[in-house]
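First up is the structure itself, then whatever we jot down about it.
Read the figures in this text as sums done on the coordinates, not as results from a lab. Since we're looking at a predicted model, the values are computed, not measured. Virtual Cβ from ideal backbone geometry, glycine too; neighbours counted across all protein chains shown.
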C-alpha cells in the first residue's frame with residue numbers, strides 16, 4: 001500500500017537540456033533546463049518549460065527560436081554552470097570558453113563542443129503557471145561526426161549523456177544496457 | 001564542425017512514463033510513453049505527448065485525469081509490454097498480473113507494484129501535430145514506503161529508474177553518481 005507524499009515535481013530521469021538563444025544585442029546565451037521533452041513526431045517537436053524570470057525566456061519570445069544542446073558526461077560542469085548564473089549579468093560563453101555557432105536554420109546559437117543540438121523554431125507558447133511551456137519545431141539536428149555510427153545516426157554509447165535527479169539534486173551517469181524496446185515485453189504476454 | 005543529420009526526435013535520456021487511465025466502462029488501462037516531462041513548479045504539472053490513435057488519449061479526454069507511474073529497472077518488461085499492445089483489445093492488468101489501485105484524488109488508476117505514481121488532473125490539451133500534449137496538474141504522489149528515505153522523500157537509489165534511448169530503441173539502467181547539481185559548475189567560474 002502506497003503513502004501520500006504530496007504534490008511534487010518528481011520524475012526520473014529528467015534530461016539535461018542546454019538551451020541556446022540570442023539576446024536583443026545578438027549576444028549568444030545558454031541556460032540549462034531539466035524540464036522538457038520531445039512532444040510530437042510530425043512535425044518533430046520538443047517542449048521546454050521556463051520561468052519568465054530567466055533571460056532565455058525573453059530571448060525565445062523575441063527571436064522565436066532556440067537550440068537544445070545535449071551534453072556528454074564530460075560536459076557536466078559546464079551544464080551545471082549554465083544553470084547557476086543568468087545571461088543578464090554574465091557572458092557564459094566567454095566565462096566557459098565554449099564556442100557559439102550560429103544555426104544555419106534558425107536565429108539561435110548552438111555549442112560547438114557539445115555533441116549534438118536540435119535547432120528549433122517556436123510554434124507554441126503555453127502559460128502553465130510559474131513556468132511557460134515553449135514548443136519548438138525541430139528543423140534540423142547538428143551533430144559531431146565523432147558521435148555518429150556507421151549509418152550516420154547518433155550513437156548513445158558515444159554521446160554518454162547524463163541525467164538530473166530532482167529530489168537528490170544530483171547528476172547521474174547513464175548505466176548499462178538493460179534490454180531492447182518492443183522486445184523484452186514479450187515475456188509478459190506469454 | 002558539426003554535420004546536419006536532419007530533423008529527428010532525439011534527446012537523451014527520455015523517461016519511461018507508464019500512464020494510467022480508466023476507459024468509459026471503468027476498465028483500468030496503462031500505456032508507456034517516452035515523450036513527456038515536468039513542465040511547471042506552481043502549480044506542479046507534467047506534460048505527456050500522445051497520439052490520438054491510442055486508447056489512453058481518449059480515456060484522458062473523457063475522464064480529465066491520468067496517473068504517471070515511474071517504474072524501477074525490475075519492471076522494465078512490464079513497461080515495455082504496456083507500450084506494445086493497445087488497451088482497446090487487451091486487459092493489460094489481467095495479462096501482466098499487476099494490480100490497479102484507484103487514485104484517491106483523481107479518476108484514474110495507478111499500479112500497486114510500481115514504486116511511485118503522480119496523480120494528475122488534466123488542465124491543458126495542446127494539438128501539436130500527430131501528437132497532442134496533455135498537461136496534468138499533479139495533485140499528489142503516492143509512493144511505496146520502501147523507496148522513501150529517512151525524511152520521507154523519494155530516494156532515486158532505491159527506485160533504480162531506467163530510461164529509454166530513442167535511436168537505439170533500447171533501455172538503459174541508471175549509472176553512477178556523477179556530481180552535485182548547482183555545485184560542480186563552480187569549477188567553470190573560477
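Assorted remarks:
- If the chain linking residue B:186 and residue B:1 were pulled fully straight, counting 0.36 nm for each residue of separation and taking away their Cα-Cα distance, it would gain 63.8 nm.
- Shielding by other protein chains, B:82-92, mean Cβ within 10 Å: 2
- Inter-label distance, nm, simple model (7 Å from Cα along the C-beta direction), residue B:88/residue A:153: 2.6
- Calculated FRET efficiency, residue A:145 to residue B:61, Cβ-Cβ distance, R0 = 56 Å: about 0.80 to the nearest 0.05.
- Three-way shape label, the protein assembly as shown, alpha-carbon gyration tensor, a/c 1.5: prolate
- Per-copy distances of the residue B:97 label point, shortest first, in nm (7 angstrom along Cα→Cβ): 5.6
- Three-way shape call for region B:1-42 based on the alpha-carbon gyration tensor, with the a/c threshold at 1.5: prolate
- Alpha carbon centroid spacing (whole Å) that separates region A:104-175 from region B:132-163: 24
- Relative to the other identical copies, residue A:25 shows label-point distances of 6.5 nm, where the label point lies 7 Å from Cα along the Cβ direction and values run shortest first.
- Across region A:1-79, the volume of the C-alpha convex hull divided among the residues equals 153 Å³ per residue.
- Packing-based exposure ordering (other Cβ within 10 Å, fewest first) of A:158, B:142: A:158, B:142
- Anisotropy class assigned to region A:41-88 is oblate, per the alpha carbon gyration tensor with a/c at or over the 1.5 cut-off and a/b no larger than b/c.
- Peptide B:160-167 has a mean shielding of 6, counted as Cβ atoms of other protein chains within 10 Å of each residue's Cβ.
- Ranked from largest, the principal axis spans of the Cα set of region B:25-164 equal 43, 38, 29 Å.
- Placing a label point 7 Å from the Cα of residue B:6 along the Cα-to-Cβ direction, the distances to the matching points in the other copies come to 4.8 nm, shortest first.
- Averaging the Cα positions of each part gives two centres, and for region A:1-74 and region B:1-59 these lie 16 Å apart.
- For residue A:176 and residue A:53, a Förster radius of 30 Å and the Cβ-Cβ distance give a FRET efficiency of 0.15, rounded to the nearest 0.05.
- Relative contact order computed over chain B (Cα-Cα under 8 Å; 6+ residues apart), in percent: 23
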